[in-house]
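Worksheet for the structure shown next.
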Amino acid sequence: MITSTLTRAHGFHTTISTNVNAAANPSCSFHVALELPHNIFLDPYEFALHHDYSFNLWESSSLELPSNAVPANPSVLLVNLSKAEMHTSINMTIELPIHMRYPMCEHPFEVDKSVVISGPTAFWACTSDGTMTSDFANIPFHIRNVFSDQLLIPMSMSHPMFPQDVIHVPMGDLKDTRHTEFITALAVVIAFAFMSVNSMKIRIQISTLSPRTKFE
């Protein structure tokens with residue numbers, strides 16, 4: 001049984017949590033594939049911290065650019081379970097942190113932006129003798145090329161976010177910009193006044209010292 005859920009459906013950061021509980025297949029390797037829209041990015045440095053699986057990632061290298069500044073190509077993640085995790089059975093949770101790019105504001109009264117996300121796909125990659133071919137329409141072509149000489153067998157998944165779920169990304173309110181500008185200007189004036197007063201106090205203290213004290 002494989003289940004997958006979102007830890008939260010609102011904000012800029014969330015995690016796809018996939019629970020795997022299945023019998024191991026010694027002649028096959030276990031993988032999880034995830035395809036995300038261009039307005040979501042994955043941080044490869046986060047995935048590098050996990051030692052129970054390796055990964056392949058195809059996405060734009062500019063992680064912090066807003067959604068309207070990157071090509072509209074999906075991000076594709078391939079998770080490869082290590083052999084150490086595959087004994088007689090597989091019982092583990094795979095945490096996949098994902099991040100929203102800053103969306104483009106289309107009108108001043110937009111509160112949030114809805115991002116549709118598809119659930120991950122789990123599959124076995126098995127040695128093929130050439131007599132059978134994979135019938136796996138949902139696999140991204142990047143991943144299909146990795147396993148071009150293997151038989152791919154999809155696993156049935158049961159989770160609330162399949163086939164799709166929605167993440168709500170908060171938007172800034174353009175009406176708040178004038179307040180932000182005023183508060184920023186006020187903070188600069190207060191900081192300048194504070195520094196000026198302290199500078200004046202130091203000058204007065206120095207001027208009251210005797211020449212001998214100044215020399216010492």
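Applying the criterion of at least 3 residues that are at pLDDT below 85 and surrounded by fewer than 10 Cβ atoms within 10 Å (Cβ to Cβ) to the helices (runs of 4 or more DSSP H) found wholly in segment 138-216 leaves 177-208, 211-215. Whether a residue is farther than 17 Å from Phe123 by Cα and within 17 Å of the chain's Cα centre (by Cα) was assessed, and Ser62 passes this test.
Looking at segment 11-34, can you tell me whether even one residue there is under 26 Å from Asp112 (Cα atoms) and touching a helix residue (DSSP H, G or I) at 6+ places or on another chain (Cβ under 7 Å)?
Step one: list which residues in segment 11-34 are under 26 Å from Asp112 (Cα atoms), which gives 11-17, 34.
Among the residues that remain, those that are also touching a helix residue (DSSP H, G or I) at 6+ places or on another chain (Cβ under 7 Å) are: none.
No.
The values are calculated or read from the model by the stated rules, or taken from the named source; none is laboratory data. From a predicted model like this one, the values you see are computed outputs, not experimental measurements. With ideal geometry, Cβ positions are generated from the backbone for all residues, glycine too; neighbour counts draw on all protein chains shown.
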